[in-house]
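Comments concern the structure below.
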Amino acid sequence: MASLKPLVFVTGNANKLREVKEILSSGSHPIDVQSQSLEIPEIQGTTIEVATAKCKRAAELVGGPCITEDTALCYVALKGLPGPYIKHFMSEIGHEGLNALLVGFATKAAEAVCTFAYSAGPGTEPIIFEGRTEGTIVPARGPKVFGWDAVFQPSGYDLTYAEMPSEEKNKISHRGKALEKLRAYVQSLP
């Protein structure tokens, strides 16, 4: 297989960049990821609408192929909210507030959703790659350094994302699942 050109990941989030590089650089056909931080306004809508609009704009600004990512945390009791607005909820109410949103509800079930969009360049329709992981919202445990990882415990595990070694988290996470789909697509390109 010919070596792939570096993939431009448009993000200003160092933790996301680290995780994406860890996941895509592993395996028998590693993908080199470079990052570019751009200010791109996010539209309101579904995760797919947000990711598509962001990727179209990023491809215009980069002037070539790129990927973007959008993450959502969807509470069953709140019919999918905070969803794609989790970044804003997290910055305003923190881990404790994310738990407080579910006080009085019978279920603490949630789904972590990661949507990557790939654009071949300006004017092309982005291709979407989505990964989902079911879990439960719990009181914060583990390092509180990466978004809401400390309050999300994936189904079948006794640890939150924040408590897991990155290698274990990357195998089961919503981001890891989406990136495996993206990897297969990028490696199939001529």
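The values are calculated or read from the model by the stated rules, or taken from the named source; none is laboratory data. In this text the structure is predicted, and so the values were computed from the model without any measurement. Because the Cβ atoms are built from the backbone with ideal geometry, glycine has one as well, and the counts that use them run over all protein chains shown. What goes into the accessible areas is simple: the full protein's heavy atoms, side chains included, and nothing from ligands, DNA or RNA. Shrake-Rupley method; radii C 1.70, N 1.55, O 1.52, S 1.80 Å.
Some points to look at:
- Among residues that are of a type outside the set (Gly, Ala, Ser), under 30 Å from Gln187 (Cα atoms) and either outside any strand (DSSP E or B) or more than 16 Å from the chain's Cα centre (by Cα) (or both), Glu111 is not included.
- One residue stands out in the stretch 128-146 among those that are small (Gly, Ala, Ser) and closer than 12 Å to Thr160 by Cα: the one that is nearest to the chain's Cα centre (by Cα), namely Gly135.
- Residue among Lys144, Lys177 that is over 18 Å from Ile23 (Cβ atoms) and of a type in the set (Lys, Arg): Lys144
- Scanning the stretch 31-72 for residues that are part of a loop (DSSP other than H, G, I, E, B) and either buried (at least 20 other Cβ atoms within 10 Å of the Cβ) or in contact with a Pro (Cβ under 9 Å, 6 or more places away or on another chain) (or both) yields Ile31, Asp32, Glu42, Gln44, Gly45, Thr46, Gly63, Gly64.
- Lys171 vs. criteria basic (Lys, Arg), open to solvent by 10 Å² or more (accessible area, probe 1.4 Å), at positive phi and without any contact (Cβ under 8 Å) to a residue 40 or more places away in the chain: no
- Listed conditions (1) buried (at least 20 other Cβ atoms within 10 Å of the Cβ); (2) in contact with an Asp or Glu (Cβ under 8 Å, 6 or more places away or on another chain); (3) farther than 30 Å from Lys56 by Cα are all met by Leu98, apart from (2).
- Sole residue being open to solvent by 80 Å² or more (accessible area, probe 1.4 Å), within 16 Å of the chain's Cα centre (by Cα), closer than 26 Å to Ser166 by Cα and touching a residue at least 60 places away in the same chain (Cβ under 8 Å), chosen from Lys21, Lys87: Lys87
- Here Thr160 qualifies as over 14 Å from Val113 (Cα atoms), among the hydroxyl-bearing types (Ser, Thr, Tyr), over 15 Å from the mean Cα position of the chain (by Cα) and surrounded by 18 or more Cβ atoms within 10 Å (Cβ to Cβ).
- Scanning the stretch 126-147 for residues being in contact with a Lys or Arg (Cβ under 8 Å, 6 or more places away or on another chain), surrounded by fewer than 20 Cβ atoms within 10 Å (Cβ to Cβ) and in a loop (DSSP other than H, G, I, E, B) gives a total of 1.
- Among the candidates Tyr75, Tyr118, residue that is open to solvent by 10 Å² or more (accessible area, probe 1.4 Å), aromatic (Phe, Trp, Tyr) and touching a residue at least 40 places away in the same chain (Cβ under 8 Å): Tyr118
- For Gly80, the conditions (1) open to solvent by 30 Å² or more (accessible area, probe 1.4 Å); (2) outside any helix (DSSP H, G or I); (3) without any contact (Cβ under 8 Å) to a residue 12 or more places away in the chain all hold with the exception of (1).
Conditions tested, residue by residue: (1) among the hydroxyl-bearing types (Ser, Thr, Tyr); (2) under 19 Å from Asn15 (Cβ atoms).
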{"residue": "Thr71", "(1), (2)": "yes, yes"}
{"residue": "Gly80", "(1), (2)": "no, no"}
{"residue": "Pro84", "(1), (2)": "no, yes"}
{"residue": "Ser91", "(1), (2)": "yes, yes"}
{"residue": "Gly94", "(1), (2)": "no, yes"}
